[in-house]
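Participant: Dropping the structure in here first, questions after.
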């Protein structure tokens, strides 16, 4: 289990940002919209679609190794 002290150290602004910047600078404001961790969920359906397309291509369109 991870303790609060370890989480505090891991998310410390000095570790992730140059001097003068911090987590507050990544908040949406003044028409700027920054990426959120929840935006990563869109990757899963795209990856699944690529896998399906690859399987279809390999099964029906690519030559078999035994024919080369």
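Participant: Would it be correct to say that residue 9 is in a helix (DSSP H, G or I) and exposed (fewer than 10 other Cβ atoms within 10 Å of the Cβ)?
Facilitator: In short, no.
Participant: Here are some residues: 24, 35. Which one is in a loop (DSSP other than H, G, I, E, B) and closer than 26 Å to residue 11 by Cα?
Facilitator: Selected residue: 35, the only one of 24, 35 that is in a loop (DSSP other than H, G, I, E, B) and closer than 26 Å to residue 11 by Cα.
Every number in this text was worked out from the coordinates using simple rules, so none of it is lab data. Because the structure is predicted, anything quoted here is derived from the model rather than measured. Glycine also receives a Cβ, built like all others from the backbone with ideal geometry; neighbour counts cover every protein chain displayed.
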